[in-house]
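Q: Below are the structure tokens for one structure; questions will follow.
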Amino acid sequence: MATRLLILGGTTEARALAARIAALPDYDAILSLAGRTAAPLAQAVPVRIGGFGGAAGLAAYIKAERIDALVVATHPFAAQIAANAAIAVRATGIPAVRLIRPPWQAGPGDDWQVFPALETLVAALGATPRRVLVTIGRQEAHAFVAAPHHYYWFRSIEPIEPPLRLPQAEFLLERGPFTIADEIALLSRHRIDVLATKNSGGEATRAKLDAARTLGIPVMMVARPPASGLLEVETIDAVLDFLRHHAPPAERGA
Ligand code: NAP
């Protein structure tokens, strides 16, 4: 019998993992999405959509669906679901691993200011109006309403809902990957003087940091949320290795 695997997704990495798992007969995987995206991309394994009802709901799902192992492949800033997963894993005793992309690191020439939370970043923009490119996704964009005197360009994949009540804001609907040339053109076109972002990591959206360094533009960055306590790995191969060791089909139930 195949190992029943639950993948918590909503990321490019989860989609790629699902594609790899779908090709392996030893695994019977289901991918879970929160349901935030209106038109989610097609996936290589069956999908369920919507919250579980907290950590207890996730633990109940794991038991009811006889899940043998869990892979948390949600976004590095999706802290609640990772915390819930850690609790549910302790309650059910199943093996679990978190696939998480490494954070970006500042290098020579970078001018980064790091903040523990978005609210402190917004406050630190200061009293003098600035021209801010915001790339923090749409879910938390409302934090910028606290500083309405700046000029904003918000970039997100889907529209920010409900619309932001800001007097000076433009909305750029774009999905990465972006090139450094694209990002230099964007920053220059709008005469951006600060980039507000969060340390998501990954290659698809890192060009903005290289562009900011090239143009000497400071970056204000929200740091990663605290670790969930789950074992963390950075590659799909490492997840497959973990599963081979901790949830092999032959040994289950032995
Ligand atoms: P979150 O704050 O950590 O989670 C909030 C609640 O959403 C969870 O308690 C859970 O509801 C539900 N949820 C989250 N991920 C889920 C999943 N994969 N399957 C089922 N339920 C899930 O999460 P978030 O930051 O809102 O992110 C939501 C989704 O968007 C995730 O799939 C994440 O990977 C993706 N995403 C997030 C970001 C970001 O910056 N936060 C960026 C890109 C993509 P219950 O408590 O009811 O179970």
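The values are calculated or read from the model by the stated rules, or taken from the named source; none is laboratory data. Bear in mind the structure is a predicted one, so any value in this text is a computation, not a measurement. Note that we place each Cβ from the backbone using ideal geometry, even for glycine, and neighbour counts take in every protein chain shown. All accessible areas refer to the heavy atoms of the entire protein, side chains included, with ligands and DNA or RNA removed. Shrake-Rupley method; radii C 1.70, N 1.55, O 1.52, S 1.80 Å.
Q: Can you find, within region 82-105, the residue that is farthest from the ligand (Cβ to nearest atom) among those that are part of a loop (DSSP other than H, G, I, E, B), closer than 29 Å to residue 207 by Cβ and open to solvent by less than 60 Å² (accessible area, probe 1.4 Å)?
A: 102
Q: Away from the ligand (no atom under 15 Å from the Cβ) and either open to solvent by 20 Å² or more (accessible area, probe 1.4 Å) or outside the structural domain of residue 7 (by TED's automatic domain parsing) (or both): is that true of residue 109 in this structure?
A: Yes.
Q: Starting from region 94-108, keep only residues that are under 13 Å from residue 198 (Cα atoms), then list their pairs with residues that are buried (at least 20 other Cβ atoms within 10 Å of the Cβ) and at pLDDT below 95 whose Cβ atoms are within a distance under 6 Å, requiring at least 6 positions of separation or different chains.
A: Listed by first residue and then by second, the contacts come to nothing, as the list is empty.
Q: Turning to a different aspect of this structure: Output the residues belonging to region 26-47 that are more than 13 Å from the ligand (Cβ to nearest atom) and modelled with pLDDT of 95 or more.
A: Correct list: 27, 28, 29, 44, 45, 46.
Q: Give all pairs with beta carbons closer than 9 Å in which a residue from region 178-206 that is on the phi > 0 side of the Ramachandran plot meets a residue that is at pLDDT below 95 and β-branched (Val, Ile, Thr); count only pairs at least 6 apart in sequence or on separate chains.
A: 202/11; 202/12
Q: Take the residues of region 125-139 that are farther than 20 Å from residue 212 by Cβ and either without any contact (Cβ under 8 Å) to a residue 40 or more places away in the chain or charged (D, E, K, R) (or both): which is least open to solvent (accessible area, probe 1.4 Å)?
A: The extreme case among them is 138.
Q: Taking the stated definitions as given, is residue 18 touching a helix residue (DSSP H, G or I) at 6+ places or on another chain (Cβ under 9 Å) and over 20 Å from residue 137 (Cα atoms)?
A: No; evaluated as a whole, the condition is false for this residue.
Q: Count, please, the residues in region 48-81 that happen to be within 8 Å of the ligand (Cβ to nearest atom), open to solvent by less than 60 Å² (accessible area, probe 1.4 Å) and outside any loop (DSSP other than H, G, I, E, B).
A: 7
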